[in-house]
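Here the structure comes first, spelled out in structure tokens, and everything after it is commentary.
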Amino acid sequence: MKHRSVLLFTALAHSLDHSYVIVLSILMPLIMIEFDMDYGEIGLIASVFGFLFGLNAIPAGFLSDRIGSRKVATFSLLLCAAAALLVSIAWNKVVLTLFFVIMGIGTGLYHPSGISLVSKAFEEHRSKAMGIHGIGGNIGQALTPVMTGLLASPEAIAVLSFSLVGLGLGWRKTYVIWALPGLLVALGILLFVRFKEVPVRKESIKTMLKEMAMIPFDNRNILILLILTSFQGLYFNGLAYFLPTIIKDVKVAPLIIAGLLTSLKEGTGALGQAFGGWTGDKYSKRNLLILFNLISTGALLWFFFAQNRYSLAVSIAIIGVSVYAFQPVQNSLIAESIPVHLRGRAYGLSFFTSYGIGGLAPLISGAVAVTFSLSAVIPLMVVFAVIATVVATKIREVKEGQN
């Protein structure tokens, strides 16, 4: 496969982009204790972070088409690394929120740029390339929760015949450590990614912005996909931010166990990416999106009623497969539905709905947790998954570039 450097470093960047979200989700209980926060307050911070993560995808998509995806992806990682260092020195809730604003801006730059770069580098077997890109990301994401838990927590737990003891560095030093890989991967993209793009410079900025704004109105399939990714994003992000806290506080497990189970979700997500990438090149993308959202619905219900660690582990593993399997499928369907010169902007809109609108999930979840209980967050995620399944039935199959 040509352009291996593109896949390697975009997969690493993809991994880190989500890692900065996962690190927050694992460290939320420790941050809540230090700053005396309730679920609503930490949910608000997570939603500010998540909303900007998605909102910034719109200018990121525009910039990817205008100046090139490689430059945007590099700047994304540099900004994330800087934000991680800033978060580590936050001295109150307001400052902490401001530093997560910076991190939200940084993380939001990656997805449209990285996905656009992969889609341009691999015109053939695009679903497969998207799947490989996702697998690489999931491998890193699977390591992030357990690594973060072991770095931050002093707890000791038994896993099979082994005993794991956390280093107990706390959340601040853990964030300092997570700044380093962002710097290294940014350097790798600058030095080793040599795929040549052709930025869209002949059109005026005003024309490009107008074209971007009209995409959902001119393209019915893209409009349906944007609605779909909104609801998928709501339950994906609700789980991304609150799953470790639910495992710890509702299922009554140590933080390291919460980290391990979150790692399981991300690890099985790699299988989901592979399965989605393989099936997306062979079968109806519409039917696959319906199927994967149905599986997510069932697995969420299983998790809600799970009474032991075995049931928790199995339900979380299935959730991991299903929520990541639909990603290469929908990303390939977007590419097939839009001309190449609009692709970065289309991905910008898609990731805004996934992570901007979807980024409201922590705020909604925090409000539900305060008003009812933390356990009520999972039925809320089930509702979002059911709606996503219904929306997926409205998608139509398209040929490459058809509007």
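The values are calculated or read from the model by the stated rules, or taken from the named source; none is laboratory data. This one's a predicted model, so the numbers in the text were calculated from it and none came from an experiment. Every residue, glycine among them, receives a Cβ derived from its backbone with ideal geometry; neighbour counts consider all protein chains shown.
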Notebook entry, point to check: Residues in region 249-257: is at least one of a type outside the set (D, E), touching a His at 6+ places or on another chain (Cβ under 9 Å) and in a helix (DSSP H, G or I)?
Noted result: no
Item checked: Condition met for L225 (buried (at least 19 other Cβ atoms within 10 Å of the Cβ), modelled with pLDDT of 85 or more and out of contact with any Cys (no Cβ under 7 Å at 6 or more places or on another chain)) -> yes
Next item on the list: Output the qualifying pairs, or none if there are none: Cβ atoms under 6 angstrom, residues six or more apart or on different chains, first residue in region 129-154 and hydroxyl-bearing (S, T, Y), second residue at pLDDT below 80 and surrounded by 24 or more Cβ atoms within 10 Å (Cβ to Cβ).
Entry: S153/L255; S153/I256
Next item on the list: Name the residue, out of R343, R309, that is under 25 Å from I256 (Cα atoms), modelled with pLDDT under 85 and of a type outside the set (A, V, I, L, M).
Entry: R309
Check: Only one residue in T245, T279 is under 30 Å from L333 (Cβ atoms) and hydroxyl-bearing (S, T, Y), so which one is that?
Finding: T279
Notebook entry, point to check: Restricting attention to region 255-280, which residues are modelled with pLDDT of 85 or more and in contact with a Lys or Arg (Cβ under 6 Å, 6 or more places away or on another chain)?
Noted result: none
Check: Out of V370, V314, V323, which single residue is in a helix (DSSP H, G or I) and crowded, with 20+ Cβ neighbours inside 10 Å?
Finding: V323
Next item on the list: Show the residue pairs that are 6+ apart or on different chains and have beta-carbon atoms under 7 Å apart, the first residue being within region 214-235 and in a loop (DSSP other than H, G, I, E, B), the second being crowded, with 22+ Cβ neighbours inside 10 Å.
Entry: N219/S337; N219/I338
Next item on the list: Could you tell me whether any residue of region 17-32 is under 30 Å from A213 (Cα atoms), in contact (Cβ under 8 Å) with a residue 60 or more places away in the chain and of a type in the set (A, V, I, L, M, F, W, C)?
Entry: yes
Next item on the list: Scan region 72-122 for residues that are surrounded by fewer than 18 Cβ atoms within 10 Å (Cβ to Cβ) and free of Cβ contacts under 8 Å to residues at least 12 places away in the same chain and jot them down.
Entry: W91, V94, V95, L98
Next item on the list: Could you tell me whether region 376-391 includes any residue that is more than 19 Å from V21 (Cβ to Cβ) and at pLDDT below 85?
Entry: no
Next item on the list: Could you give me the residue pairs with C-beta distances under 9 Å whose first residue belongs to region 311-337 and is farther than 19 Å from E266 by Cα and acidic (D, E), whose second residue is in a helix (DSSP H, G or I) and modelled with pLDDT under 85 wherever it lies, and which are 6+ apart or on separate chains?
Entry: E336/R126; E336/N221; E336/K285
Notebook entry, point to check: So which helices (runs of 4 or more DSSP H) stay within region 8-109 end to end and still have 2 or more residues that are at pLDDT 85 or above?
Noted result: 39-55, 69-87, 93-108
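With the condition kept exactly as written, say whether any residue in region 270-283 is assigned to a helix (DSSP H, G or I) and of a type in the set (K, R).
Applying the first criterion (assigned to a helix (DSSP H, G or I)) to region 270-283 yields 270-280.
If we keep only those that are of a type in the set (K, R) as well, we get none.
Taking every residue of region 270-283 in turn, none turns out to be assigned to a helix (DSSP H, G or I) and of a type in the set (K, R).
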